[in-house]
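Below: one structure, written as C-alpha cells.
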Amino acid sequence: MILPAKHLKQDRALLGVGSEILAALTGEYTVSELWEAVQQRRPQAVSPLSFDWFVLALSFLYAIDAVGLEKGILTKRGES
Amino acid sequence: MNTSPLNYQYKIALELKLRRVSGDAFQDFFSTVMGKLHGDDFVRVRPFGQKGDKGCDGYLQSCGQLFACYGALNGDKGKVDYLIGKMGEDFAKARKNLSRIMKEWHMVHNLVGGLPVEAINKLDELRKANAGITFGFVGLEGIERRITQLDSVVVAELLGPQATNKDAQEMQPAELQALINGIVSGVAVGAPASGSIAQVPSDKLDANDLPNHWHQMIEHGWKNAYYVAEYFDRHHEPLIGERIASLFRERYQYLRAQALSAEAIMDNLYEFVAGIGSVPPARQVAAQALLAHLFESCDIFENLTAGAET
C-alpha cells in the first residue's frame, strides 16, 4: 500500500498521496486545514481520496519524519 | 430447426451445467433435451417402486435406442470401478428385461474432461459379447449436438438466457459493483500480497490451453475490462483492486495445485464470480469483464508463450 502496485495507481499509493500532502504543506496547518488544501489541489480526474486514507498517508509521513506535529500544528520537516 | 453451433456462452453454460448435475438430475436434464428434440418418440423412464427401471433411463422408440445415464458429481471420474460396474449392471438388466425392444445401447455421461480408458474397453467387451446390438457413448459433444438442433428459444430454456452484444456494450456498473461486493463480503481477505508486474504475453490465451469457448469469453470480456480497472481506481477503498486480485491469485493457485485442467479451473473461477445456475445476462457481462481483467493483469493463469514449458 505504500508503493504503487499492479492494481494500485501511483496517485492512490501512500507514497503518491504523501507527495501531494508535502506539496500542499506550504506552512503551518492543522490536520483539517491540510485536508482541505490537499482536496483543493487534487485534480478532479484522479481517483478519489478518502479522509482515512489521507490520515494514513499523513501517519506514514510522520513515521518517516517528513512532517512534524506540535500542539496540533503540522509542519514540513527538514526546512528551516 | 436450428443447426447452428452453440455460441461460446452456451457452450460454457452447458459445460457448467453438466459439471453441476449428477444422478437423477443429470438423467432428468438429458431426458428433457431428448424430449424437446424427439417429442413423444423419446420415452422418459423412471423406476416404479420395486419394478425398478430395468437398466433403462430413456428410450427412443423409432430406432430402439436405449440410454443408461451416469451423472457423476462435478464430472468426477475418480470412481472408475463403480463406472465400469454400472455399465455392466445396467446393460445386463436391460438385456434381461428389454431385449425385445433394445436395438442400441448408449451410455450417457457428464464426464466433461473425458472417460477413463477402462470405459472404452468395457463397451468394446459388451459389443463383442452382444452381436446385433449397436453400442455407443453420449457425452458433452453428443449432448451439445442434440441441443444445437433445438430452437433458440428452447436452448435458452434449457441453458438459461445468455448475454447479447447489446448487453456487453451496455455493461451495468451497478452489476459490477454488486459482483465485487459479493466476492469481497463472501471471503475473508487479509492484507493483499501484491503480484508482480509483468508484460502480458500476446499469446497467453493459446499458451494456457484454454478451449475455444473460453478463449472467446476472455476476448469478449476484454471489451469491458477497462471499466473494471476504472472501477477499482475510483473505488472508495484504494486497495480493493489488490484485494480482489490477491483473492483470485490464491484461488487459481489452489485449483492449479489440484492438477485440474485449464478448462476445469476456468469453470470454477467463472462460477465463483458469476454464481451457480442460470446467471442473468447483465451479471454474465460483468463476470466476463472481471475475469478478462484478471487474465490480462496476469493474476490468473500462466504468463506463458505458446510452446513454452510450464
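The values are calculated or read from the model by the stated rules, or taken from the named source; none is laboratory data. All values derive from a computational prediction rather than experimental measurement. Ideal geometry is used to build each Cβ from the backbone, glycine not excepted, and the neighbour counts take in all protein chains shown. Areas reflect the complete protein model, heavy atoms only, side chains present, ligands, DNA and RNA absent. Shrake-Rupley method; radii C 1.70, N 1.55, O 1.52, S 1.80 Å.
A few points about this structure:
- Among beta bridges from DSSP that stay inside chain B, the antiparallel ones total about 35%.
- Taking N as its residue count, the alpha carbon Rg of chain B over 2.2 N^0.38 Å: 1.14
- Antiparallel bridge percentage (DSSP; both residues within the protein assembly as shown; nearest 5): 50 percent
- Computed over neighbours whose Cβ is under 13 Å from that of B:Lys17, the net charge equals -3, Lys and Arg +1, Asp and Glu -1.
- Accessible-area composition of the protein assembly as shown, carbon plus sulfur, in percent [1.4 Å probe]: 51 percent
- Note on B:Asp41: accessible area is roughly 40 Å² with a 1.4 Å probe, heavy atoms of protein only.
- FRET efficiency, B:Arg100 to B:Val153 (Cβ-Cβ, R0 25 Å, nearest 0.05): 0.10
- Karplus-derived 3J(HN,Hα), 6.51/-1.76/1.60, for each residue of the stretch A:55-72, Hz, glycine and proline x: 5, 4, 5, 5, 4, 4, 5, 5, 5, 9, 6, 8, 10, x, 10, 9, 6, x
- Inter-chain Cβ neighbour count for B:237-250, averaged per residue, equals 3 (cutoff 10 Å, partner chain atoms only).
- Assigned charges on the beta-carbon of Lys, Arg, Asp, Glu; the stretch A:1-62 dipole about Cα centre (debye): 340 debye
- Rg/Rh ratio calculated on Cα atoms of the stretch B:141-181 (Kirkwood radius): 1.17
- Volume of the Cα convex hull of the stretch A:1-40, divided per residue and given in Å³: 64 Å³
- Burial of accessible area (probe 1.4 Å, heavy atoms of protein chains only) in the stretch A:1-31, relative to its chain alone, reaches at least 30 Å² for A:Ala5, A:Lys6, A:His7, A:Leu8, A:Lys9, A:Arg12.
- Cα-centre dipole for chain B with unit charges at Cβ (Lys and Arg positive, Asp and Glu negative), debye to 20: 1340 debye
- Percentage, to the nearest whole number, of Cα pairs in the protein assembly as shown over 41 Å apart: 34 percent
- Put a dot 7 Å past the Cα of B:Arg234, heading toward its Cβ, do the same for B:Gln253, and the two dots end up 3.3 nm apart.
- Degrees, to the nearest 10: B:262-274 long Cα axis against longest axis of chain B: 70 degrees
- Rounded D (µm²/s) - the stretch B:1-131, Kirkwood Rh over Cα pairs, Stokes-Einstein at 4 °C, 1.567 mPa s: 83 µm²/s
- The stretch A:55-69 and the stretch B:53-130: distance between their alpha carbon centers, rounded to Å: 72 Å
- With 31 Å as the limit, the listed pairs B:Lys17/B:Lys128; A:Lys6/A:Lys71; B:Lys17/B:Lys86 have B:Lys17/B:Lys128; A:Lys6/A:Lys71 beyond it between alpha carbons.
- Cα shape, the stretch B:226-287, gyration tensor, a/c 1.5 rule: oblate
- Backbone N within the stretch B:105-137 under 17 Å of label point (7 Å from B:Ala92 Cα along the Cβ vector): B:122-130
- Interface area, A with B, accessible, probe 1.4 Å, both sides summed, Å² nearest 100: 1300 Å²
- Positive minus negative residues near B:Ala292 (Lys, Arg vs Asp, Glu; Cβ under 12 Å): -1
- Taken over the stretch B:66-141, the convex hull of the Cα atoms encloses 81 Å³ per residue.
- Shape call, chain A: gyration tensor on alpha carbons, a/c limit 1.5: prolate
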